[in-house]
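J.: Have a look at this one.
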Amino acid sequence: MTDDRALVAGELRGYRQFELRDDGLYPLVHGDAGPWSGEVEHARCQAGGDHPAPARGCRCGLYAWYLPGAATVALGPASAVVAARGRSVLGDRGFRAAAARIEAVSLPVTARWGPASKRARRMLAERYPSTKVYSSPRRMLADHPPHDVGALGIHPPPDRSRTYRAVLVAVWAAVVVAVYSLVAVPRGRTAELAEQWWPLLLLLAVAWQASLVWLVVRLMALQGSPGPGVGTGGPWKEEAERTTTTGANE
């Protein structure tokens, strides 16, 4: 790849997660660097490199995915939409940017109701006044859909996280419905059926448990990736890198 940079107007939208604390939104990686700014966060090389971030050949920069799936799987962190600007290194699934602002944030499950929700919303209103706050990722994504990055030569692979979640819910619901439907069967008949078909019932139970474990593991694998370009085996391919600069650079 050459080091030529394309100029892109505006900002590049991405998705990532933050740890919601009482004093701000902390990145899941390098959280000791402190929370993101309420305005524009500027990247710094946490490895101590003497270069502006992001740099080719280094892992520095502010990370985000092009598609929301991997950034909305985890139940603990807060899912967010970020708007990147300045020099950006583009990978096959995500990018590293020189600067970004938090455009929108979805509260984690633990902070969507009651006193915890009030505290979180109050803190976000004070620290991030220009950031829209949502109660669920679904509503946030409806208002902040992904940008089409095809014109930049980037074609992200399909987002399978929603399919995994839909299948997980379907498998769980199918068994729940089947179990509750036994209420309509006379008690004596239920025992008779269980005695007659117990090998098949045992096989179905094992298959159900195995499918649930497999789906959860797949979702946790997406959740466990700290970000595009972090670590080996993650959602980043060096050969797919492009370097671009947005027109919103400060």
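J.: Take region 80-91 and flag every residue that is touching a strand residue (DSSP E or B) at 6+ places or on another chain (Cβ under 8 Å) and under 18 Å from CYS60 (Cβ atoms).
T.: Those that are touching a strand residue (DSSP E or B) at 6+ places or on another chain (Cβ under 8 Å) and under 18 Å from CYS60 (Cβ atoms): VAL82, ALA84, ARG85, GLY86, ARG87, SER88, VAL89, LEU90.
J.: Being outside any helix (DSSP H, G or I) and either exposed (fewer than 10 other Cβ atoms within 10 Å of the Cβ) or modelled with pLDDT of 70 or more (or both) is the requirement here; does PRO146 meet it?
T.: Considered against the rule, which asks whether it is outside any helix (DSSP H, G or I) and either exposed (fewer than 10 other Cβ atoms within 10 Å of the Cβ) or modelled with pLDDT of 70 or more (or both), PRO146 comes out as yes.
J.: Can you tell me which of ARG112, ARG59, ARG119 is in contact with a Gly (Cβ under 9 Å, 6 or more places away or on another chain) and either in contact (Cβ under 8 Å) with a residue 60 or more places away in the chain or surrounded by fewer than 16 Cβ atoms within 10 Å (Cβ to Cβ) (or both)?
T.: Just a single option satisfies the conditions, and that option is ARG59.
J.: If the Cβ limit is 8 Å and pairs must be 6+ apart or interchain, which residue in region 131-160 that is more than 24 Å from ARG112 (Cβ to Cβ) pairs with which residue that is at pLDDT 85 or above and of a type in the set (Ser, Thr, Tyr)?
T.: So the pair list comes out as HIS147/TYR66; VAL149/TYR66; ILE154/TYR66; PRO156/TYR66.
J.: Same structure, new question: Specify the residue that is farthest from GLU19 (Cα to Cα); the eligible residues are those in region 29-88 that are touching a helix residue (DSSP H, G or I) at 6+ places or on another chain (Cβ under 8 Å) and hydroxyl-bearing (Ser, Thr, Tyr).
T.: Applying the filter and picking the extreme gives THR72.
J.: Report, by residue number, each residue of region 92-143 that is part of a loop (DSSP other than H, G, I, E, B) and either more than 18 Å from the chain's Cα centre (by Cα) or within 30 Å of CYS58 (Cβ to Cβ) (or both).
T.: Within region 92-143, ASP92, ARG93, TRP113, TYR128, PRO129, SER130, THR131 qualify.
J.: Would you be able to tell me the number of residues in region 19-38 that are of a type outside the set (Lys, Arg), free of Cβ contacts under 8 Å to residues at least 60 places away in the same chain and either outside any loop (DSSP other than H, G, I, E, B) or in contact with a Leu (Cβ under 8 Å, 6 or more places away or on another chain) (or both)?
T.: Qualifying residue count, region 19-38: 6.
J.: Is one or more of the residues making up region 151-163 modelled with pLDDT of 95 or more and either touching a Pro at 6+ places or on another chain (Cβ under 7 Å) or of a type in the set (A, V, I, L, M) (or both)?
T.: So far as region 151-163 goes, no, none of its residues is modelled with pLDDT of 95 or more and either touching a Pro at 6+ places or on another chain (Cβ under 7 Å) or of a type in the set (A, V, I, L, M) (or both).
J.: Taking the condition farther than 22 Å from HIS144 by Cβ and either modelled with pLDDT of 95 or more or surrounded by fewer than 21 Cβ atoms within 10 Å (Cβ to Cβ) (or both), does ALA47 pass?
T.: yes
J.: Okay, next question. Among the residues of region 199-209, are any of a type in the set (S, T, N, Q), assigned to a helix (DSSP H, G or I) and at pLDDT 75 or above?
T.: Taking every residue of region 199-209 in turn, at least one turns out to be of a type in the set (S, T, N, Q), assigned to a helix (DSSP H, G or I) and at pLDDT 75 or above.
The values are calculated or read from the model by the stated rules, or taken from the named source; none is laboratory data. In this text the structure is predicted, and so the values were computed from the model without any measurement. Positions of Cβ are backbone-derived with ideal geometry, glycine not excepted, and every protein chain shown enters the neighbour counts.
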